[in-house]
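None of the figures in this text is laboratory data; all of them are computed from the coordinates on show. It should be emphasised that the depicted structure is a prediction, and the values quoted were computed from it without experimental measurement. Positions of Cβ are backbone-derived with ideal geometry, glycine not excepted, and every protein chain shown enters the neighbour counts.
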Amino acid sequence: MEVLLIQKDQQERERFVFFMESTYGCVLHEATQLDHAHELIQRENPKIDLIIVVGALGNDDEMKKFSMETSSIPSIYILDDALRDRAAGWEGTFLVVDPDQQMEGTVGAIDDWIEQGILEGSKSEQPQVRIRTRLLLSVCPLKGDVFIRLNEGKFVKLFKQGDVFEQSDMEKYTINKGVEYLYIQREQCKEFVAKLGEELKKVLAAGRLTVEGSAKLNESVHEAVHELVANIGFTREVQELVKTQVEVSMRALGKEPSLSDLMKKFLSMEGQYISAHSTLTSYLACGLAVQLQWGSAPTFHKLTLAGFLHDITLNNQELAGIRSLKELEEKKSKFTAEEVKDFREHPIKSAEMTRRMAEVPPDVDTIIRQHHERPDGSGFPGGLEHKYIAPLSSLFIVAHDLADYTLEARDSFNIEVFLQSVSETYKASYFRKILASLETLRKF
Ligand SMILES: [Fe+2]
Ligand SMILES: [Fe+2]
């Protein structure tokens, strides 16, 4: 889908572009004025599927004229109360959205138009969405095809739409042959998300999940969500999936997860870095909260959600493992300029995405935005010193380091080594208290 966004304010426009790209994976054309928009439509003649106009960009006559000239293109006008009455005389397939509900209103309108066939959702012949084999098989059969990848860019249809197959057949072709991932097309994502959500609710209802079992599930669901965000965006359905998975994790962790037990359980954690590290950070942050006597259901909820989403906008596994701007500088040549920019911005972008979820506790986006800050001010994106870093963010930052150390050290794990490696960095305010709470684990 190609969208023309006409909005004066640069900062607001950038926010909107990110929102649209991450929600629908669409191509954005930007203009600041009506005549720029006209030129863009005529000169480049791109196939614009949707126009979004934010605010009044001219007088009544100019706005009316623009709406008439573009009446064949579905349009969304985001206008305040005073302007809304004037828009009654304009023409076209347009919908007026209240500026206070800009994001929700836009999503509602676009989803309805996709449903009614006025707009097309993203389509592709190539299967693009990679899902862990076992997770995908747990929701099959899907209405569409399921593919297996032979090599870069070459896919073979494993199951056709409507195929009837037994679970044992699928396992024979996939899990038993060590096929780690299967692929589906973008348009199947909605069905996949719905079915996976149902499966997770069954897991919740059964209520007999071990911490190890929930971590494995969390990791697979995290990988799937990561893929879904990159391909179809952080849609309402994907957000629901995240919430259900967070409930599953919290249920498995129980009321008082023990940090030392959690660390012992996860010394051999496998999987892709971003998902394994996000899962472990969630769990260890909850254990650390108990250790500090900060544990409560709302706190576990915030930490589990922050762990799940804090790196969700990153796609490069190696880049996601970088811990400081200094390390980024040293390894910069391995990455493209765009990847480096994405990395520097990922705390803000991931926080922005989280803020769009309904019923999310307000601190979660702060934790995510601050997860790369350092008490001496050398972190990013804010370069905040310790007194400006929130207590729960401080806890999360230490848990984040501890998770990486646990994943790296494996059998040679020694809390003493970890404490020595971070004691200089984390010596101010809440950080000191958090490290002191880890001292009691020295016997571990
Ligand atoms: Fe991270
Ligand atoms: Fe990060």
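Past 23 Å, Cα to Cα: identify those pairs from LYS264/LYS349; LYS47/LYS349; LYS172/LYS216; LYS157/LYS216; LYS216/LYS331, in the order given. Check vs 23 Å cut-off fails for LYS264/LYS349; LYS47/LYS349; LYS157/LYS216; LYS216/LYS331. In order along region 290-307, the Karplus-derived 3J(HN,Hα) couplings, from 6.51 cos²θ - 1.76 cosθ + 1.60 at θ = phi - 60°, round to 5, 4, 8, 6, 9, x, 6, 4, x, 5, 4, 4, 4, 5, 5, 5, 4, x Hz, and Gly and Pro are given as x. Across region 297-444, the relative contact order, built from alpha-carbon pairs under 8 Å that are at least six residues apart, equals 18 percent. For LYS302, a cut-off of 14 angstrom between C-alpha atoms picks up these aspartates and glutamates, skipping any fewer than 8 places away in its own chain: GLU247, GLU359, ASP363, ASP365.
How many nm separate the modelled label positions at LEU267 and ALA390, each set 7 Å beyond the Cα in the direction of the Cβ? Taking the simple label geometry, LEU267 and ALA390 are separated by 3.5 nm. Here the peptides 324-330, 298-304, 47-53 are ranked by packing, the mean other Cβ count within 10 Å, and the order with the highest first is 298-304, 47-53, 324-330. In the chain, the DSSP-assigned H stretches of four residues or longer account for a calculated mean residue ellipticity at 222 nm of -16500 deg cm²/dmol, using -39500 (n - 2.57) per stretch and the full residue count as denominator. For VAL360, no residue 5 or more places off, or on another chain, has a built amide H under 5 Å of its own.
Given in Å, the Rg to one decimal and the Dmax to the nearest whole number for the Cα atoms of region 316-444 are 15.4, 45. When you restrict to C-alpha pairs under 8 Å that are six or more residues apart and normalise by the size of region 54-213, the relative contact order lands at 19 percent.
Look at where the Cα atoms of region 313-330 and of region 373-444 average out, and the two centres are 18 Å apart. Shown in residue order for region 321-336 are the 3J(HN,Hα) couplings computed by the Karplus curve 6.51 cos²θ - 1.76 cosθ + 1.60 at θ = phi - 60°: x, 6, 10, 8, 5, 5, 5, 4, 4, 5, 9, 3, 5, 6, 10, 6 Hz (x for Gly and Pro).
Judged by the mean number of other Cβ atoms found within 10 Å, the most tightly packed of the peptides 257-268, 363-374 leads the ranking 363-374, 257-268.
Counted residue by residue at 0.36 nm each, then reduced by the alpha carbon distance between them, the extension gain from ASP411 to ARG43 reaches 126.2 nm. Percent relative contact order of the chain, based on C-alpha pairs within less than 8 angstrom and at least six residues apart? In percent, rounded to a whole number, it is 10. Scoring 10-18, 278-286, 431-439, 391-399 by mean Cβ neighbours within 10 Å over their residues and listing the highest first yields 278-286, 391-399, 431-439, 10-18. Note the angle between two axes, namely the Cα long axis of helix 236-253 and the longest principal axis of the Cα atoms of the chain, as a number of degrees from 0 to 90, rounded to the nearest 10. Rounded to the nearest ten degrees, it is 10.
Taking the inverse of the mean 1/r over every pair of distinct Cα atoms in the chain gives a Kirkwood hydrodynamic radius of 23.8 Å.
One quarter of the surface of the convex hull around the alpha-carbon atoms of region 341-404 equals 4.5 nm², the direction-averaged projected area. For PHE234, the residues 5 or more places off, or on other chains, whose built amide H falls under 5 Å of its own are THR23. Around the amide H of HIS29, modelled in the peptide plane, lie the amide H atoms of VAL3, LEU4, LEU5, all under 5 Å away and 5 or more residues distant in sequence or on another chain.
By the Kirkwood approach, averaging reciprocal distances over each pair of separate Cα atoms, region 2-115 gets a hydrodynamic radius of 14.1 Å. Maximal additional length on extending the GLN161-ALA358 stretch stands at 67.5 nm, based on 0.36 nm per residue less the C-alpha distance.
Rounded to the nearest 10 degrees, the inclination of helix 337-355 to the longest alpha-carbon principal axis of the chain is 90 degrees. Here the 3J(HN,Hα) profile of region 131-145, calculated from phi with Karplus coefficients 6.51, -1.76 and 1.60 at θ = phi - 60°, is 10, 4, 3, 5, 5, 5, 5, 5, 10, 6, x, 9, 5, x, 8 Hz, Gly and Pro shown as x. Once the Cα atoms are used to define both axes, helix 10-24 deviates from the longest principal axis of the chain by about 80 degrees.
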